[in-house]
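Okay, so here's the structure we're looking at.
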Amino acid sequence: MTAHLPAVPTAAEVTGVCQGRARQGDMATTEDDFAEFVRVALPGLIRYGHALTGNPHDAADLVQAVLEKVGARWAKINRNCEDPSAYVRKAMANTHISRWRRTRRETLLADFPDVPAAIQHDRLENEPVWVALRSLPPRQRAVVVLRYYEGLSELEIAETLGVSCGTVKSQASKALATLRKRLGPLVEGGGV
């Protein structure tokens with residue numbers, strides 16, 4: 001069974017937020033630079049978003065929202081950031097955590113909906129590692145994903161998330177302890 005991934009915005013769609021504005025000086029070059037950045041970085045950003053959110057649909061939404069914001073300020077970001085990819089990953093982590101904080105609040109409904117919504121299942125939904133990873137708090141999940149999925153060092157993770165190296169170490173330690181507890185038989189059997 002193959003999971004259907006949502007449509008990922010093209011570089012032209014993402015940079016469309018800048019079209020229609022008056023071009024001044026090298027605005028066309030800036031848009032071309034951003035389009036090239038999106039073309040190269042998009043597959044990795046989608047994978048990173050999937051690891052952060054736990055599902056491909058939310059990942060695509062997260063990437064699109066962050067790239068729209070970044071695209072509007074690309075010239076400044078590209079000029080001031082040594083590694084724009086790290087900036088975008090940090091923005092994705094922060095945006096995901098902010099969304100999680102907003103949506104974790106209880107929402108009361110006066111009436112139940114008449115028709116239940118059709119649920120599309122993620123092929124990784126019942127995968128033990130994904131289930132355990134999704135159960136981690138957002139900051140711990142971000143640290144684990146950046147460390148073991150993206151292969152960043154503790155210093156790079158600290159810079160990406162805007163925290164200290166000590167926070168990275170403690171969050172990673174807590175996350176790994178939780179994952180070991182939840183995945184005990186898999187970890188001991190060499191599955192993880």
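The values are calculated or read from the model by the stated rules, or taken from the named source; none is laboratory data. As the structure is a prediction and not an experimental result, all values here were calculated from the model. Here the Cβ positions follow ideal geometry from the backbone for every residue, glycine too, while neighbour counts run over all protein chains shown. Ligands, DNA and RNA are stripped out before the accessible areas are found, and what is left, the full protein with its side chains, is counted by its heavy atoms. Shrake-Rupley method; radii C 1.70, N 1.55, O 1.52, S 1.80 Å.
In the context of the full protein assembly, LYS69 retains an accessible surface of approximately 120 Å², using a probe radius of 1.4 Å and ignoring ligands and nucleic acids. Annotation: for a label point projected 7 angstrom from Cα along Cα→Cβ of LYS69, residues of the stretch 147-170 with backbone N closer than 16 Å are 160-163. Listed by chain and number, the lysines whose C-alpha is less than 21 Å from the C-alpha of LYS169, apart from same-chain residues fewer than 8 away, are LYS90, LYS181. Between SER135 and VAL40, take the C-beta separation as r, use R0 = 41 Å, and let me know the FRET efficiency to the nearest 0.05. Once rounded, the FRET efficiency stands at 0.80.
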